[in-house]
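Below: the structure, in structure tokens.
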Amino acid sequence: MASQRTLYEVLGVNAQTTTEEIRAAFRRLARERHPDRFQGSARAAAEKAFQEITEAYNVLSDPAQRSRYDRQLDSSNKETLTDPKEIAKALLGRALSSMKSGQHGLADEAFVQAIAHDPQSAKAHHLYGMFLAQQPARLDEALRQLDQAAKIDPNNPKILLDASRLFAKANMLQRALRFAQTAARFLPDDESAQSWLRQVQGLSGREGRS
């Protein structure tokens, strides 16, 4: 089931956001995505996005319309989001939207909830791990998420390569090498994967000689 973005997600905010914060989000998006800043086919896409942003703002900035929309949204969620995997997909979309808008606290919360609803989602573990990897203090958590993603989907070269790079960053070179070797077997003609394998082999070799 495809998950359509809510008006809150269009503006990169959440249902608890104040009216003033909604206005601020709209002003920022209006500056960033105004059609006058684009040309050609990009302008057409910008016009569509700008229309969506404006429509979302018009509803959410009006207390009466927002209240009515919230009731409709709640009713829709109760009807359509009963499958935990579908809920997880919606939460994952919310996490990515929050990341893009710089709301890292909301993104973290949505990632955790997505994994709670679908613990076997390799994609959720993978994306959460990459999100955590951007925060040096949370490298250990990021490694656990990437490791879990690789266990769930051991044939996914993208996950394997990202796991390899992150374990190498943590100086866990033997783990990094195993991930790189497996990824390279899946991508025998991919120069990037093969180059990374050679790089990790070199690092592991130097570690063994030290």
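The values are calculated or read from the model by the stated rules, or taken from the named source; none is laboratory data. These numbers come from a predicted model, not from an experiment. When we count neighbours, we look across all protein chains shown, and the Cβ atoms used for this are built from the backbone with ideal geometry, even at glycine.
For GLN39, the test of being at pLDDT below 90, exposed (fewer than 13 other Cβ atoms within 10 Å of the Cβ), more than 25 Å from the chain's Cα centre (by Cα) and within 30 Å of ALA116 (Cβ to Cβ) is failed.
Residues that are under 29 Å from GLU86 (Cβ atoms), free of Cβ contacts under 8 Å to residues at least 24 places away in the same chain and either out of contact with any strand residue (DSSP E or B) (no Cβ under 9 Å at 6 or more places or on another chain) or not hydroxyl-bearing (Ser, Thr, Tyr) (or both) do not occur anywhere in the stretch 34-41.
Scanning the stretch 78-90 for residues that are touching a helix residue (DSSP H, G or I) at 6+ places or on another chain (Cβ under 8 Å) and either surrounded by fewer than 20 Cβ atoms within 10 Å (Cβ to Cβ) or modelled with pLDDT of 90 or more (or both) gives THR80, LEU81, PRO84, LYS85, GLU86, ILE87.
Does the stretch 120-134 include one or more residues that are under 30 Å from ARG33 (Cβ atoms) and charged (D, E, K, R)? So far as the stretch 120-134 goes, yes, one or more of its residues are under 30 Å from ARG33 (Cβ atoms) and charged (D, E, K, R).
Do we have ALA124 as under 17 Å from the mean Cα position of the chain (by Cα) and closer than 30 Å to ASN171 by Cβ here? The answer is yes for ALA124.
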